[in-house]
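This report refers to the structure that appears directly beneath it.
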Amino acid sequence: MNTEDLSYSHNGTTMLGRFFAPEGGESLPAVMVIHGAHGLNGFILGVSETLAAQGYAVLALDLWGGREQLADPAEIGPRLGAMASDRGEWMARVEAARRALAAQPQVDPGRIGALGYCFGGTTVLEYLRTGGAIAAGVSLHGGLDMVADDWSAAAAPALICTGDRDPMAKSTDVERLTNAMTDAGMTWELHLYGGVRHAFTEPDAPGRPPFARYDARADRRSWAAMSAFFQETLA
């Protein structure tokens with residue numbers, strides 16, 4: 001496995017992602033892995049390495065810049081709000097990461113997908129919605145409440161995996177989003193896990209809010225669904 005830090009920038013912000021690729025790979029399908037509100041952490045790096053072991057070139061991207069980590073809810077809320085209020089900047093940071101990934105010699109630039117967790121899942125859906133140049137997108141427990149309704153620019157298929165007890169993906173948001181994708185002629189799939197809360201793929205830790213909880217079955221089934229989806233759309 002080849003691994004290296006990959007720096008890219010937009011509008012004066014330098015972001016530091018981590019690139020993974022199988023040794024000796026050429027013209028590989030590739031995946032951007034997008035972190036949640038806390039930033040590019042060990043969980044996302046682990047996911048990225050596992051995907052790379054399956055034959056993908058992978059960029060664990062950095063949305064905040066400088067690989068910044070956020071722990072205090074008082075920091076996280078305003079940061080998410082800033083992205084939601086300036087969607088052009090938000091999406092431009094993702095596009096800068098995609099361009100950096102596409103420029104790697106191991107990567108087939110026509111076969112790039114995106115996988116996002118929590119806020120990263122929201123980011124994947126927004127990038128798809130606004131016509132981001134990827135071949136497929138997967139959202140795992142993304143905040144559907146932040147995703148807008150106009151999908152007329154979208155072209156790539158989407159997979160959404162969410163729990164029915166996630167307050168950031170209420171039934172009204174699921175219905176609103178899937179109706180909007182259908183009206184736009186999108187190809188989409190929804191995997192809805194009964195009794196499952198937010199952040200179901202991420203290990204529980206002290207101080208975790210009550211609306212989030214790890215669920216082994218949903219974790220396992222969503223990983224299988226994502227793997228099959230990327231196998232079909234990218235590999």
| request: Of all residues in region 22-36, count the ones that are aliphatic (A, V, I, L, M) and out of contact with any Asp or Glu (no Cβ under 9 Å at 6 or more places or on another chain). | output: 4
| task | Could you please let me know if T178 is among the polar types (S, T, N, Q) and in contact with a Leu (Cβ under 8 Å, 6 or more places away or on another chain)? | result | yes
| note | Over region 47-59, the set of residues free of Cβ contacts under 8 Å to residues at least 60 places away in the same chain and under 14 Å from the mean Cα position of the chain (by Cα) is S48, V58, L59
| field | strands (runs of 3 or more DSSP E) fully within region 92-186 counting 2 or more residues that are closer than 12 Å to M32 by Cβ and touching a residue at least 60 places away in the same chain (Cβ under 8 Å) | value | 107-117, 136-140
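Going by the conditions given, is G207 more than 15 Å from the chain's Cα centre (by Cα), part of a loop (DSSP other than H, G, I, E, B), closer than 22 Å to G77 by Cα and free of Cβ contacts under 8 Å to residues at least 60 places away in the same chain?
Details: more than 15 Å from the chain's Cα centre (by Cα): yes; part of a loop (DSSP other than H, G, I, E, B): yes; closer than 22 Å to G77 by Cα: yes; free of Cβ contacts under 8 Å to residues at least 60 places away in the same chain: yes.
It is true that G207 is more than 15 Å from the chain's Cα centre (by Cα), part of a loop (DSSP other than H, G, I, E, B), closer than 22 Å to G77 by Cα and free of Cβ contacts under 8 Å to residues at least 60 places away in the same chain.
Table: residues versus (1) β-branched (V, I, T); (2) at pLDDT below 95.
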position: A21; (1), (2): no, no
position: G25; (1), (2): no, yes
position: M32; (1), (2): no, no
position: G36; (1), (2): no, no
position: T50; (1), (2): yes, no
position: Y56; (1), (2): no, no
position: E75; (1), (2): no, yes
| said: Taking the criterion of being touching a residue at least 40 places away in the same chain (Cβ under 8 Å), touching a Pro at 6+ places or on another chain (Cβ under 7 Å) and farther than 17 Å from A235 by Cα, would at least one residue in region 1-8 satisfy it? | reply: yes
| Of the criteria (1) of a type in the set (G, A, S); (2) in contact with a strand residue (DSSP E or B) (Cβ under 8 Å, 6 or more places away or on another chain); (3) within 17 Å of R87 (Cβ to Cβ); (4) not in a loop (DSSP other than H, G, I, E, B), which one A218 fails | (3)
| task | From the list D72, D62, pick out the single residue that is crowded, with 22+ Cβ neighbours inside 10 Å and not aliphatic (A, V, I, L, M). | result | D62
| field | Only listed residue being over 18 Å from the mean Cα position of the chain (by Cα), among the small types (G, A, S) and either more than 22 Å from A30 (Cα to Cα) or modelled with pLDDT of 95 or more (or both), chosen from A153, A199, A225, A133 | value | A153
| query | among the acidic types (D, E) and over 24 Å from N11 (Cα atoms) - does that describe any residue in region 37-58? | reply | yes
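The values are calculated or read from the model by the stated rules, or taken from the named source; none is laboratory data. None of these values were measured; they are calculated from a predicted model. Methodologically, a virtual Cβ is constructed for each residue, glycine included, from the backbone with ideal geometry; neighbour enumeration extends over all protein chains shown.
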